[in-house]
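The values are calculated or read from the model by the stated rules, or taken from the named source; none is laboratory data. Since the structure is predicted, the reported quantities are computational estimates derived from the model, not experimental observations. Cβ placement follows ideal geometry from the backbone for every residue including glycine, while neighbour counts extend to all protein chains displayed. For accessibility, only protein heavy atoms count, side chains too; no ligands or nucleic acids. Shrake-Rupley method; radii C 1.70, N 1.55, O 1.52, S 1.80 Å.
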Amino acid sequence: MLKYFHRQVQLWGEDTQRSLQEKKIAIIGSGGLGSSLAFALGASGIGEIHMVDFDEVSLHNIHRQIAFKTGDEGKNKARINARIIEERCPYVKAVAHECDFETFAKMGIEVDLIIDATDNLPTRGAINAYAKSVDTPWLYGSVEAFNGQVCFFEEASFEEVFKITQKTPAGIAAPIVMHIASLQANLALRYLAGLSVKKDYLYYLFFNDEGELITQKFGLPKS
């Protein structure tokens, strides 16, 4: 196993790498952010990854959802991602849940971290409420056009920062999806490996009119 994770072992040693085998995470949503997260974290040695999504692949998903290819239309997104994770890394157990978040939450599966990969505010509000109820941190991520946001929620509350509406993103460029998922994955892996993580800070990334990448950071009020 350690040979597979050789470059990570160089970062933090064998004991930390072995400790990741004891960690469990849930990725809520298996589309754009979710499939990129599955690639990034699925080969990192996390012991158990739960992929949650009731949705099926559509043709218009494929350009920005890296787990899927033409011919996958009509197949469940969570199942495809779980299969790919286990094909790429035999040391990770991936479990697919073909359901919405509310149904998954009722299963009472204990995890070390919940990662939001959804595309709507009401579900994120539900994730926040559930995470608070079971005292589990969660990672928020969202994308729209060339913009993105990331936050590691621990003490702050999503509902105190965002107005919960039914708004969903309009146009999305594929690279920003992968970029935001990469930031989420880095925060997740650092946390699970016991490294320091800046919590309850919202990171907002966008390209200005001149094509310059701007990153802003905002401290969030604690609950």
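Points to keep in mind about this one:
- Chain lengthening between V95 and E73 when straightened (0.36 nm per residue, less Cα-Cα): 5.9 nm
- Contact order, relative form, for the chain: 19 percent (alpha carbon pairs under 8 Å, 6 or more residues apart, mean separation divided by residue count).
- Here the range 51-203 is assigned +1 on the Cβ of each Lys and Arg and -1 on the Cβ of each Asp and Glu. Its dipole about the Cα centre then comes out at about 380 debye.
- Among beta bridges that DSSP assigns inside the range 1-139, antiparallel share in %, nearest 5: 5 percent
- By a 1.4 Å probe calculation restricted to protein chains, H63 has an accessible surface near 110 Å², given to the nearest 10.
- In the chain, the sites counted are GluC sites (Glu not before Pro) in DSSP loop states with at most 11 other Cβ atoms within 10 Å, and the longest stretch holding none of them, exclusive of the sites, is 111-209.
- Computed across the range 81-165, the Kirkwood hydrodynamic radius from all distinct Cα-Cα pairs reaches 14.3 Å.
- Extension gain (nm, one decimal) between K217 and N120, 0.36 nm per residue minus Cα-Cα: 32.7 nm
- Estimated [θ] at 222 nm from DSSP helical runs (n ≥ 4, -39500 (n - 2.57)) normalised by residues in the chain, nearest 500: -11000 deg cm²/dmol
- Kirkwood Rh and Cα Rg combined as Rg/Rh, the range 85-128: 1.01
- For the residue pairs K198/K222; K23/K77; K77/K199; K77/K198; K69/K217; K132/K198, alpha carbon separations beyond 25 Å are given by K77/K199; K77/K198; K69/K217.
- Pair E160, S58: separation of 7 Å Cα→Cβ label points (nm): 3.6 nm
- Extended-chain gain in nm, criterion 0.36 nm per residue less alpha-carbon gap, Q10 and E110: 33.0 nm
- Within the shell of other residues whose beta carbon sits under 14 angstrom from the beta carbon of S44, the net charge comes to +3, with Lys and Arg scored +1 and Asp and Glu -1.
- Ordering G45, A129, N147 by Cα displacement along the dipole of the chain toward the positive end leaves G45 in first place; charges were set at the Cβ atoms of Lys, Arg (+1) and Asp, Glu (-1).
- Local net charge near P221, Cβ-Cβ under 12 Å (Lys/Arg +1, Asp/Glu -1): -3
- Listed by chain and number, the lysines whose C-alpha is less than 21 Å from the C-alpha of K75, apart from same-chain residues fewer than 8 away, are K93.
- The chain - accessible surface per residue (Å², probe 1.4 Å): 49 Å²
- Accessible surface of the chain, 1.4 Å probe, proportion on carbon and sulfur as whole %: 50 percent
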